[in-house]
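Notes follow once the structure below has been shown.
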Amino acid sequence: MVNLPDTIDDHAKNDNKGAKETTMLRLTRKLYTHESVEAAYKREDKPVDWKDILKGCSCSRICSFLLKFIPIIAEVQKPYIKDCVVNDLIAGLSVAFMHLPQALGFGVLASLQPVNGLYTTFFPLICYVIFGTSPHISFGTTAIVSMMTSSVVEREEAVYWSTLNISSNISINDPAIQDQLMAYKVEVSMTLCFVVGIILTVVGILRLGFVSTYLSESFIGGFTFACAIYIATSQLSKALNISVGIVSGPGRLLRYYIILFSKIHEGNWADFLIAVFTGVIILAVNIGVNERFRDRMKIPVPIDLIVVVLATLISKLGSFEYNLGVDIVGDVKSGVPAPQLPDLSGYMFTRVVADSFLIAVVIFTATISMAKLCAQIHGNTIDDNQEAFAYGVTNIVASLFMCFPASQAHPRTMMLSTLKVKSTLSGVSSALFVLVLLLGAGPLFSHLPIAVLAAMIIVAMKDLFALIRVLPYYWRVSKSDFLIWVLTACVSLATDLEIGIYFGVSFSILTVMFHSCPQWAKGYLLARAKDEDLYLDKSSRVGLEDVHGVKIFTFDSKLYFATAEIFRKDLYEQVYTPVKLEIVESEKGQELAILPPIQGKTIHHIIIDCSHITYIDITGINILRQLVVDYRHMGTEIFLTKVPPFTVTALANSNFFDVLPMDSIFFDVNDAVQHARVYTQPPPATP
C-alpha cells in the first residue's frame, strides 16, 4: 500500500511548504524471497499453438506480410489523406526548389556530372514515396555521401588512368580522355550505389536496424566535421577555375592544398569573384532573413534557386564563358536514361564493397536519426527496419539509372518538418518538378558558372563547421567523447575519410572496453539511513548507521573471471577475511593453525546486493560458492538480494543452490535485512 496526498491540492500545499519538507512515502508489503515472488507472481509461458502458426502461413497472411514492405498502399487508404494531400504536394514543390541547386552542386561534388545529381534526385524520390515510412525524409543528393562517393570514384579513376595504354603525348585533360574517364566514374558510382542498396536491404529484411546504436554521437560528429572540411576544400579549385588533377589516397588533403597553391597563379579572377559574390548573397539571405524571421515565414526564401536562375541568365547574356573565361556547367543531357545493370564483375565488386559498407552505415545512421527526430516532434512512429529496407531498395533502383548513393539532406528534411507534411506523397511533386527539368528544362542551365555551385556547396557547410562548438561541452561532460571527436576528425583530415572511419569506430570500441575494464570494478558497503529504510554507500555519506550484526556489500560490475578476485578481495577488506592462518603453541610445539577472526563472532549475516551482477561465469560461481562455505564455517551466513534473472538461471544450472538454499535469495535488500533481524532475535520469554 502506498500512502500519498489524496488530492492535487494536497500536492500543491506540500510543494508550497518549501524544499525542507518532502512528501512522506509509506510502503506496506510482505517480506519476499526470490522463490516467494516467483510463486506469487508467476511468469506466463505461452505454449506453442500450431493452429495459429498454420493460420499465419495462409495466402492472405503472407500477402499482408509482403504488403508491409510497401507502406504507401496502406498510407493512401488512411482517412486523413484527403485532407492533407494538397498541403503535402505544395510542400513537396517548395522543397523541389532546394533539390535543383543541390542536385547540380552535389553531382559536381561527387566528381560526376550535374545531370547525375538530377538522376540521383528523381529516382530516389519516387522510390522512397513507395517504400518509406517517414513523411519528412527528403531523399536525394546529400553533401557527405557525395563526398564519400567522390573519394571512391577518384581513387578508381586514378587506378584506371594508370592502366590505360595510351601514348605519353596525350594529356589527361584531352576531351576524349575526359569523356572516357567520366564514363568509367559513372560506372563505378552505379556499382557503389547498387552494393550500398543491397547492404541496406539485407539490414532491413534481417531486422538489423539496431546496428546504428553502436556508432557514438561523438564519432559521428568528428567524422561529419572532417567531411565538411573535405567538401569545402574540394570546391576551392572549382571556385578558382584551377585544374588540380586526381588526388587520392592517405594525406590527399595536404597534397591537394600543395598542388592548389602551386597553381594559384593559374586561377581566374572572374570565377573567384563570382564565387565570393554568390557566397555573400546566400549567407546574407540565409542569416539575415531565413534564420532571423524563421518563426514568421511559412517557407524560407529559396535563395539557392534564385541565385542559380539569375547567375545562369547573367552568364548567358554576358557570354561569361568566352569573354571572361568562366567555367560553366556545359551541356546538360535532357531525358531520362534507359535502365542498365551496374558492373558487378568480381573486380569491380571487390574494389567498392568495403566503401559500400561505410557509406551504407553513414546513410542509415544519418537518415534514421533525422526520421526519429521528426517523428518525436510530430508524434509519428518509425519502423527502423522498414526504413533500412526503403533506403536499400531506393538505392538499388537508382543504381540502374546512372545514380550515385542517395540519402536525406538535413535542410530539405527540416523544411518538410516545418511545413507539417503527413505523408510521403510530398515526394511526388518534388519528383515531377525534377522530371520537368530532365525532360526539357535541364539544358537551360548549361551556362550556369561552376563557381556558383562551388560557392553554394561551401556555404552549405556552415552548420557542419559549427559542430566544433560542441567540444567544450564534451570536455566538461565526457573526456572520452571529447577524444573520440577530436581524434576521429584529426585522423580523417590527416589521412583519408576511409581510414578516419576505421580509426573512429575502433577507438570508440576501445573506450568502451576501457570503461568496462575489470580494474574499474569496485565493491563497497551499504548502510541504513537513521530514520528510514534507505540503504546508501557508507563511505561517501553521513547520517548512516550499520545494521547490528549485518554487513551489506554491493559490487558494481559483472562477476566473471576478470573480476572474481577483485570481488573477493573487496569483500574481505570491507567485512573480514573468513580464513586466517596463525602460528600457535601446542603440545607438539609451534604449528600453523586456522583460526576464526574475532569479527566472525559479531557479524552473523552478510547481504550481497547483486543488482549489478547481470552476468556471472563459472569462475564467479565458484568464488561465490567458496565464500558461502568459508563464511558459514566462521558462523556467518550469506544472503543474496536483487539477483538478475540470468544470474539466477546460471546459479541454478550450476547446482549453486545445493550450497546456498533458495530461501537465502531475497527480492530486495530490505527483505534480507528484516529476515536477518528476525533470524537472530531470541524467542520471546514464556510467562
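The values are calculated or read from the model by the stated rules, or taken from the named source; none is laboratory data. Predicted model, so just to flag it, every value in this text is computed and none were measured. With ideal geometry, Cβ positions are generated from the backbone for all residues, glycine too; neighbour counts draw on all protein chains shown. Areas reflect the complete protein model, heavy atoms only, side chains present, ligands, DNA and RNA absent. Shrake-Rupley method; radii C 1.70, N 1.55, O 1.52, S 1.80 Å.
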Please name whichever of LEU510, LEU419, SER234 sits farthest to the positive end of the charge dipole of the chain, dipole taken about the Cα centre and charges placed at Cβ: Lys and Arg +1, Asp and Glu -1. LEU419
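Roughly how many percent of the accessible protein surface of the chain is carbon and sulfur, given a 1.4 Å probe and a whole-percent answer? Write out the running numbers ahead of the final one.
Numbers: 22410 of 35840 Å².
Carbon and sulfur: 63 percent of the exposed surface of the chain.
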Once Lys and Arg are counted +1 and Asp and Glu -1 for all other residues with Cβ under 14 Å from that of ALA529, the total becomes -2
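Applying a 10 Å radius around every beta-carbon, put 187-197, 663-673, 327-337, 93-103 in order of their mean neighbour count, most first. Numbers along the way, then the final one.
On the way: 187-197: 26.6, 663-673: 21.5, 327-337: 16.3, 93-103: 23.5.
The packing order, highest mean first, is 187-197, 93-103, 663-673, 327-337.
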Which loop trypsin sites (Lys or Arg not before Pro) in the range 61-129, with loop taken from DSSP, have no more than 15 other Cβ atoms within 10 angstrom of their Cβ? LYS68
Taking the Cα centroid of the range 368-396 and of the range 505-521, what is the distance between the two, rounded to the nearest whole Å? 31
Amide H within-cut-off set for PHE639, under 5 Å, with H built and near neighbours excluded: ILE606, ILE607, ILE608
Considering the values [x] 117, 67, 61; [y] 168, 77, 42; [z] 90, 71, 51, which represents Cα extents along the principal axes in Å as calculated for the structure under consideration? [x]
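I want the local charge near LEU100. Using Cβ-Cβ distances under 14 Å, sum +1 for each Lys or Arg and -1 for each Asp or Glu among the other residues. Please report the intermediate quantities before stating the final value.
Working: positive: ARG412; negative: ASP304.
Within the 14 Å Cβ shell, the charges total 0.
For the range 262-325, what does the equivalent ellipsoid look like in terms of its semi-axes, each the square root of 5 times an eigenvalue of the Cα gyration tensor, given largest first in whole Å? Provide the component values of the computation, followed by the final result.
Values: eigenvalues 180, 48, 8 Å².
Working from the Cα gyration tensor, I get semi-axes of 30, 15, 6 Å.
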Size of the dipole of the chain about the Cα centre, Lys and Arg at +1 and Asp and Glu at -1 on the beta carbon, nothing else charged, in debye to 20? 1000
Sum of side-chain charges, VAL188 neighbourhood, beta-carbon under 12 Å (Lys, Arg +1; Asp, Glu -1): -3
Rounded if a/c is under 1.5, else prolate if a/b is larger than b/c, else oblate: which is the range 217-258, with a ≥ b ≥ c the root eigenvalues of its Cα gyration tensor? oblate
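Per-residue counts of other Cβ atoms within 10 Å, averaged by peptide: what ranking do you get for 310-319, 380-389, 229-238, highest first?
Working: 310-319: 15.6, 380-389: 19.5, 229-238: 21.3.
Highest mean packing first, the order is 229-238, 380-389, 310-319.
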Rounded to the nearest 500 deg cm²/dmol, what is the calculated helix-only ellipticity per residue at 222 nm for the chain, with -39500 (n - 2.57) per DSSP H run of length n ≥ 4? -18000 deg cm²/dmol
Does the range 297-407 classify as rounded, prolate or oblate by the C-alpha gyration tensor (a ≥ b ≥ c root eigenvalues; a/c under 1.5 gives rounded; else a/b over b/c gives prolate, otherwise oblate)? oblate
In this model, which of LYS530/LYS569; LYS538/LYS558; LYS298/LYS462; LYS316/LYS462 are farther than 27 Å apart at the alpha-carbon? LYS530/LYS569; LYS316/LYS462
Arranged from highest to lowest average of other beta-carbon atoms within 10 Å per residue, in what order do the peptides 359-371, 341-353 appear? 359-371, 341-353
Inter-label distance for SER540 and ILE205, nm, one decimal - labels placed 7 Å from Cα along Cα-to-Cβ: 5.0
